[in-house]
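The values are calculated or read from the model by the stated rules, or taken from the named source; none is laboratory data. Just so it is clear, the model here is predicted, and its values are computed rather than measured. Here the Cβ positions follow ideal geometry from the backbone for every residue, glycine too, while neighbour counts run over all protein chains shown.
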Amino acid sequence: MNPATYSISILLILACKMYVASSSGCTRLTGTSGTITNEKRAASYSRCWSITVPKQSRALINMESFSTDVYCESTDVEVSSNNENEYHILCPDTPWEPIILNDDFTVTHRIENSVQFATSRISLKYKIESLLCSQEDTYKCSDGTCLLQSQVCDGTEQCSDGADEQECGNRTIVVHDLISNRISAIKWLKNKWSSASGWQENTHRGITALFLASERNIPSIEKKLMVKQLEVQTLVYLLRKETDRMTANQLSMFVNSLTVSCQNPRNFYGHDLVKLLRNEVEHSSTITRPVAYLALCNAGETLPINATNDLISMLKTKAEYSFLLGKSHPE
């Protein structure tokens, strides 16, 4: 064969190869993981697979095996990113490093040996995972997606099989870094406290938050002083109630603070704050009642007959839950 004929033959083979590759297209693979295996004996051959990588995800690609009776000049595997100018050539006789891509990619298995037929066998694994999976302290779903720990047992199913809301026990919400945040909050509360005036007009709020946040309420001079400040504040409000009527929200916070500090709100220096609160609920607006119901429940009081209906009505409304602010909302 003369040189001209040989060159034309090579060009025809390459043209045929390009036509087959472009006309047949790539095999599109779905799923978050898989293994690409392929074996071929040919002089000229190309086959490709296309894999989609969702946003905020990455692909981990590993070559498991690559065997052939020729060298890299005659057969290779190309892994190329579709959206970026990035590609990797894997050869049978060189070490394979793991490949990480953040975009859709294509795997191409090629044979190009003009002298003789060559056999080439490959096995390549890929796995697509959320970028969150690369972070520590994350929850991994069975479908490969990952969640922040704060999204686990938060009342909303995030995993496709709902596994993130299973085996939650009595938990309803998991707060990330709960312990460190609680310690910081306790420290902040104590820094705001004054031995002369407590938390001023918010002493009942401060007592409730501090005692509920502390794992062990060990008696101390400081805590005894806090309780005395609460008693003084409560008595002042009770003395003023004839001229400045106490709202259901105010009474609720006093009942809660006395309860958590191990005092008896039913007999507070001769005053039954639980009874006062129950009577006040009858004259309060619907929007202020949930916090009062909580205080009555904490004090061991039987809730009014209409309590359940009131709570259901509040859950269905689109209004803001401003009753948590302790403000009075007259009818």
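Mind checking whether some residue in the range 157-166 is in contact with an Asp or Glu (Cβ under 9 Å, 6 or more places away or on another chain) and part of a strand (DSSP E or B)? The answer is no, given that none of the residues of the range 157-166 is in contact with an Asp or Glu (Cβ under 9 Å, 6 or more places away or on another chain) and part of a strand (DSSP E or B). Looking only at residues of the range 11-46 that are surrounded by 12 or more Cβ atoms within 10 Å (Cβ to Cβ) and at pLDDT below 50, we find that the one that is nearest to V79 (Cα to Cα) is A21.
E242 - would you say it is in the same structural domain as A307 (by the TED database), touching a residue at least 12 places away in the same chain (Cβ under 8 Å) and out of contact with any strand residue (DSSP E or B) (no Cβ under 9 Å at 6 or more places or on another chain)? Here the answer is no, as E242 does not meet what is asked. In the set L225, L294, only one residue is part of a helix (DSSP H, G or I), of a type outside the set (D, E, K, R) and modelled with pLDDT of 90 or more; that residue is L225. Quick one: is Q116 out of contact with any Phe, Trp or Tyr (no Cβ under 7 Å at 6 or more places or on another chain), in a loop (DSSP other than H, G, I, E, B) and closer than 30 Å to T68 by Cα? It is true that Q116 is out of contact with any Phe, Trp or Tyr (no Cβ under 7 Å at 6 or more places or on another chain), in a loop (DSSP other than H, G, I, E, B) and closer than 30 Å to T68 by Cα. The residue of the range 55-104 that is surrounded by the most Cβ atoms within 10 Å (Cβ to Cβ), among those that are among the hydroxyl-bearing types (S, T, Y) and assigned to a loop (DSSP other than H, G, I, E, B), is S74. When F268, F323 are screened for being at pLDDT below 90 and either hydrophobic (A, V, I, L, M, F, W, C) or in contact with a His (Cβ under 8 Å, 6 or more places away or on another chain) (or both), only F323 passes. Only a single criterion out of (1) modelled with pLDDT of 90 or more; (2) surrounded by 15 or more Cβ atoms within 10 Å (Cβ to Cβ) is not satisfied by L235, namely (2). Checked against (1) modelled with pLDDT of 85 or more; (2) of a type in the set (K, R); (3) outside any helix (DSSP H, G or I), R245 passes all but a single condition, namely (1).
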